[in-house]
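Let me begin by presenting the structure, written as structure tokens, before commenting on it.
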Amino acid sequence: MKENKNNLELKDKLVPDLVSVIMPCYNGEKFIKETIESVLNQTYQLWELLIIDDGSQDNSVDIIKSYQADQRIKLIQQPNSGSAVARNNGIRHSQGQYMALLDSDDIWLPNFLEEQIKFMKNKNAICVCCSYSRIDEKSNEILKPVIAKKVITSKDMQAVDYVGTLTGVYDQSKYGKVYLKEELNSLLDDYAFFIDVINLEGVAYGNPKILAKYRLRKGSMTNNKKKLIKKHYLFYKNVLNQNLFKSIYSTTKWGITGFFKYYSK
């Protein structure tokens, strides 16, 4: 979040009611068309979509360019540097009061933005998320939907990431832009981002409505929890500065939550 302080003076230049959608893309040709279409189909149409191509080797750029007749869709290209760098690149170029992160393989339901902004205003909040379903590589729904926690505090976020990245919306107008931690090398950087955002006021709110679809892909890091155990422990210890016992407790709590989230039918 180190760039946040330097950007506080820019908050008054943000476009009111505009949503800046930040979408990193690396070799996303298989799914990105469906994802872009889900933004185009929003009932809330005051948005800009900043797609940051992270050195793709496939036809992602050509697909993105095919949508640029809509001037709200902007392509930013960079050498391969990871999702955190790509997201920060998009955030720097963003102009909207609201900011949302959407990966190039996930999907929003048509009423996502309309419902989330209305929910945010009703809660007088700077950060909200929502419930979401899970889909496979063929866009078929699998597992149970993940139901958003109604109230999410800074303390809650110390062990479990309760904000689905594709569901979070942040109002940048009060505290300015918040950036991801690039030193995490794109691992749990989205988790750290929402910790930083929620820490601004100590609370976020979860909309119980299912408004998005998260894609589980074969071989993805988030689909292989065993590989993430050590990395989560180091995240709690080195990033959140938890002591040994707290780090072990947090890792255990994350593991139990993850088991029920991914393996409970």
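Here, each number is a calculation from the coordinates, and none is a lab measurement. Quantities reported herein were computed from a predicted structural model and do not represent experimental measurements. Glycine also receives a Cβ, built like all others from the backbone with ideal geometry; neighbour counts cover every protein chain displayed.
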Problem set entry | Backbone HN-Hα couplings from phi across the stretch 107-122 [Karplus 6.51/-1.76/1.60, Hz, Gly and Pro as x] | 9, 9, 6, x, 9, 4, 5, 4, 5, 5, 5, 4, 4, 4, 5, 5
For this session: Using amide H atoms built 1.01 Å from N in the peptide plane, name the residues 5+ places from G96, or on other chains, whose amide H lies under 5 Å from its own.
Result: V15, S20
Exercise. For the chain, what proportion of DSSP beta bridges, expressed in % and rounded to the nearest 5, is antiparallel?
Worked result: 35 percent
Exercise. What order, most packed first, do the peptides 57-67, 140-150 have when packing is the mean number of other Cβ atoms within 10 Å of each residue?
Worked result: 57-67, 140-150
For this session: Could you order peptides 194-207, 115-128 by the average number of other Cβ atoms within 10 Å of their residues, highest first?
Result: 194-207, 115-128
Seminar exercise, completed: Over 23 Å (Cα to Cα) among K144/K209; K30/K150; K13/K155 -> K30/K150; K13/K155
Exercise. With θ set to phi - 60° and the Karplus curve 6.51 cos²θ - 1.76 cosθ + 1.60, what are the ³J(HN,Hα) couplings of the stretch 93-102 in order, to the nearest whole Hz, using x for Gly and Pro?
Worked result: 8, 6, 10, x, 4, 9, 9, 9, 9, 9
For this session: Would you grab the residues whose amide H sits under 5 Å from the one on Y44? Only those 5+ places off in sequence or on another chain, please, with H modelled 1.01 Å from N.
Result: L113, E114
Exercise. Can you tell me the Rg and Dmax of the chain, counting just the alpha carbons, in angstroms?
Worked result: 17.4, 54
Exercise. Aspartates and glutamates within cross-link reach of K218: Cα-Cα under 18 Å, excluding same-chain residues under 8 positions apart?
Worked result: E29, D103, D105, D106, D136, E137, E141
For this session: Take the Cα radius of gyration of the stretch 1-141 and divide it by 2.2 N^0.38 Å, with N its residue count; two decimals is plenty.
Result: 1.05
Exercise. Mind listing the Cα extents of the stretch 43-92 along all three principal axes, in Å, largest one first?
Worked result: 32, 23, 15
Seminar exercise, completed: the stretch 79-134 and the stretch 138-196 have their Cα centres apart by a whole-number Å value of 10 Å
Seminar exercise, completed: Scalar couplings 3J(HN,Hα) for the stretch 131-143 by Karplus 6.51 cos²θ - 1.76 cosθ + 1.60 (θ = phi - 60°), nearest whole Hz, x for Gly and Pro, are 6, 8, 9, 10, 10, 8, 5, 9, 6, 8, 6, 9, 6
For this session: Pull up the DSSP beta bridges for the stretch 1-158 and report the antiparallel fraction as a percent, rounded to 5.
Result: 15 percent
For this session: Pull up all non-local amide H partners of I135: gap of 5 or more, or a different chain, and H-to-H distance under 5 Å with H placed in the peptide plane.
Result: I142, Y214, R215, L216
